[in-house]
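The values are calculated or read from the model by the stated rules, or taken from the named source; none is laboratory data. Fair warning: this is a prediction, and the values are worked out from it, not measured in the lab. A quick note on method: Cβ atoms are made from the backbone with ideal geometry, for glycine too, and the neighbour counts reach across all protein chains shown. Quick note on the areas: whole protein, heavy atoms, side chains included, nothing else; ligands and nucleic acids left out. Shrake-Rupley method; radii C 1.70, N 1.55, O 1.52, S 1.80 Å.
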Amino acid sequence: MLLPIILLLAALCMSNAKRAQQKQLNAFVWVCLTIFSFCFGIFAGCFILGIIIMVKNPGLLNMAQTNDRAGMNKFMLENFAQHELLYSSLIFAGGFGGYLLIRYILEKKATPQEQ
């Protein structure tokens, strides 16, 4: 799953870099902001996914409280294998949301001609 994330992130960074250059802004800064925001979005997506899984499966909370890591790992691997596309989509949606936030901020920046 790491390779698709890296490829998607590279494409999104290039898109924001081109937009920044068109507005005569430092492209490196906007690429760094895109990477940070994308990673934070993935983290937020994983956090939301964790909350959904914990609410949906209350038995998992009992395993966490008793520190049954083997049981939790087995349950999580089976659950992720059953819903791989759904969970991956939620994680990617979080990352894409981070990209869209930076793109929105970049679009709202005034170009030197507009000032």
TODO: Look at A11 and say whether it is within 19 Å of E107 (Cβ to Cβ), touching a residue at least 12 places away in the same chain (Cβ under 8 Å) and aliphatic (A, V, I, L, M).
DONE: no
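Residue by residue, here is whether (1) part of a helix (DSSP H, G or I); (2) surrounded by 14 or more Cβ atoms within 10 Å (Cβ to Cβ); (3) touching a strand residue (DSSP E or B) at 6+ places or on another chain (Cβ under 8 Å) holds:
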site	(1), (2), (3)
I35	yes, yes, no
F40	yes, yes, no
G45	yes, yes, no
I48	yes, yes, no
K74	yes, no, no
F80	yes, yes, no
G98	yes, yes, no
A110	no, no, no
Q113	no, no, no
TODO: Answer yes or no as to whether F28 is under 18 Å from the mean Cα position of the chain (by Cα) and at pLDDT 90 or above.
DONE: no
Task: Hey, N62 modelled with pLDDT under 90 and either open to solvent by less than 70 Å² (accessible area, probe 1.4 Å) or within 28 Å of Q113 (Cβ to Cβ) (or both) or not - done: no
- [ ] Identify the residue in the range 77-98 that is of a type in the set (A, V, I, L, M) and touching a Gly at 6+ places or on another chain (Cβ under 8 Å) and, among all such residues, is farthest from T34 (Cα to Cα).
- [x] L90
